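K.L.:
Once you've had a glance at the structure underneath, I'll fire off some questions.
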Amino acid sequence: MFYRLMKLVIAPLLRLFFRPEVVGRENIPERGPAILASNHLSFSDSFFLPAMVTRRVTFLAKMDYFTGRGIKGRLTAAFFRGAGQLPVDRTGGSASEAALQAGLKVLGHDQLLGIYPEGTRSPDGRLYRGKTGIARMALESGAPVVPVVMIDTEKIQPPGKVIPKIMRVGIKIGEPLDFSRYEGMEDDRFILRSITDEIMYALMELSGQEYVDLYAADAKKAIVEARKQVAAAEKAAKAAEKAEADKAAADTAAAETADNPESPERPEKPEKPA
């Protein structure tokens with residue numbers, strides 16, 4: 001129901017206001033399972049791609065989007081379900097395995113699975129190192145991986161912006177990548193890394209983004225830490241400036257006292273009559 005609503009209402013609105021230019025739509029298989037591996041620039045990526053693709057696309061979305069309270073929480077959950085997103089716990093460990101199984105279940109039903117190999121949005125528009133979960137899914141399901149890049153979506157809705165800017169965006173879809181030559185090697189971490197790097201290279205070539213051999217989550221932590229250090233330095237500088245100003249004021253007051261050592265005499269009280 002929700003997905004049909006997205007196709008009937010949200011998709012036409014996205015086409016009307018943002019006029020997405022889609023290149024390579026024919027590279028998405030007409031039937032059978034496939035993994036759409038996309039770069040991730042904006043919150044809106046998960047809505048543009050499903051809206052522009054004829055077949056249903058299911059994304060693995062973090063559980064937080066589906067557990068909000070109140071009217072806003074329910075509307076957010078309904079909105080994400082309408083976009084074809086599946087709630088999963090991505091905190092790591094057994095949760096990562098649960099996300100993997102959820103993705104394999106989608107592929108097992110011969111559907112399209114959308115994945116962001118970077119694991120999170122790019123903090124600065126560059127392309128970051130991919131996580132190997134996508135390689136495991138590709139090998140265990142036998143599904144081809146279709147590289148997809150979003151273009152300029154970070155400009156219409158950067159992090160923290162609620163209302164998107166109206167401008168044209170683009171989607172490029174590359175030729176499917178076949179990893180059947182690695183069949184049965186899903187437990188080899190070197191093979192998984194090699195496959196993941198090949199996917200990221202395809203995304204880099206397709207998007208023209210600068211590649212950074214670092215996980216996006218780690219880059220975000222480094223940026224947050226750098227901002228904290230800058231804020232601390234600015235706070236220390238302001239404190240030092242205030243201390244210097246206070247000292248200057250105290251020195252000025254001391255100098256004025258030195259130039260006028262005698263304070264004004266107090267008027268004598270009249271003597272009491274005998």
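K.L.:
Highest mean first, how do 40-46, 216-222 rank when packing is the count of other Cβ atoms within 10 Å averaged over residues? Working shown, then result.
P.N.:
Values: 40-46: 22.3, 216-222: 15.9.
In decreasing order of mean packing, 40-46, 216-222 become 40-46, 216-222.
K.L.:
What does the charge add up to near Gly170, with Lys and Arg as +1, Asp and Glu as -1, over the other residues with Cβ less than 14 Å from its Cβ? Display every interim value, and only then the final one.
P.N.:
Working: positive: Arg15, Arg19, Arg25, Lys155, Arg168, Lys172; negative: Glu21, Asp45, Asp152, Glu154.
Neighbourhood net charge equals +2.
K.L.:
Follow-up question, since we're still on this one. Using only the heavy atoms of the protein chains and a 1.4 Å probe, how would Thr58, Thr132 rank by accessible area, largest first? Before the final figure, lay out the partial values.
P.N.:
Numbers: Thr58 15, Thr132 45 Å².
The most accessible residue leads, giving Thr132, Thr58.
K.L.:
If you count only protein heavy atoms and use a 1.4 Å probe, how large is the accessible surface of Lys131, to the nearest 10 Å²?
P.N.:
My reading of the accessible area for Lys131 is about 100 Å².
K.L.:
Follow-up question, since we're still on this one. Local charge sum around Gln157 (other residues, Cβ-Cβ under 13 Å, Lys/Arg +1, Asp/Glu -1)? Please list the in-between numbers first.
P.N.:
On the way: positive: Arg121, Lys155, Lys161, Lys165; negative: Asp45, Asp152, Glu154.
Its environment carries a net charge of +1.
K.L.:
Kindly rank 248-255, 190-197 from highest to lowest mean number of other beta carbons found within 10 Å of each residue.
P.N.:
Per-residue Cβ counts within 10 Å, averaged per peptide and sorted highest first, yield 190-197, 248-255.
K.L.:
Roughly how big is segment 96-188's charge dipole about its Cα centre, with Cβ charges of +1 (Lys, Arg) and -1 (Asp, Glu), in debye to the nearest 20? It would help to have the intermediate numbers written out before the result.
P.N.:
Working: 12 positive and 13 negative charges, 149 e Å.
The calculation lands at about 720 debye.
K.L.:
Here's another thing I want to ask about it. Might you work out the accessible area of Thr120 for me, using a 1.4 Å probe with all protein chains in place, and round it to the nearest 10 Å²?
P.N.:
Around 40 Å² of this residue is reachable by solvent.
K.L.:
Cβ under 12 Å from Asn27's Cβ, Asn27 left aside: what net charge do those residues give with Lys, Arg +1 and Asp, Glu -1? Write out the running numbers ahead of the final one.
P.N.:
Details: positive: Arg25, Lys172; negative: Glu26, Glu30, Glu175.
Summing Lys/Arg as +1 and Asp/Glu as -1 gives -1.
K.L.:
Checking the table Lys165/Lys235; Lys131/Lys221; Lys7/Lys155 against a 26 Å threshold on Cα-Cα, which pairs fail? The partial results should precede the final answer.
P.N.:
Values: Lys165/Lys235 34 Å; Lys131/Lys221 17 Å; Lys7/Lys155 24 Å.
Checking Cα-Cα distances, Lys165/Lys235 exceed 26 Å.
The values are calculated or read from the model by the stated rules, or taken from the named source; none is laboratory data. Values in this document were obtained by computation on a predicted structure and should not be read as measured data. For neighbour counting, all protein chains shown are included, and Cβ atoms are generated from backbone atoms with ideal geometry for every residue, glycine included. Side chains included, ligands, DNA and RNA excluded: accessible areas come from the protein's heavy atoms. Shrake-Rupley method; radii C 1.70, N 1.55, O 1.52, S 1.80 Å.
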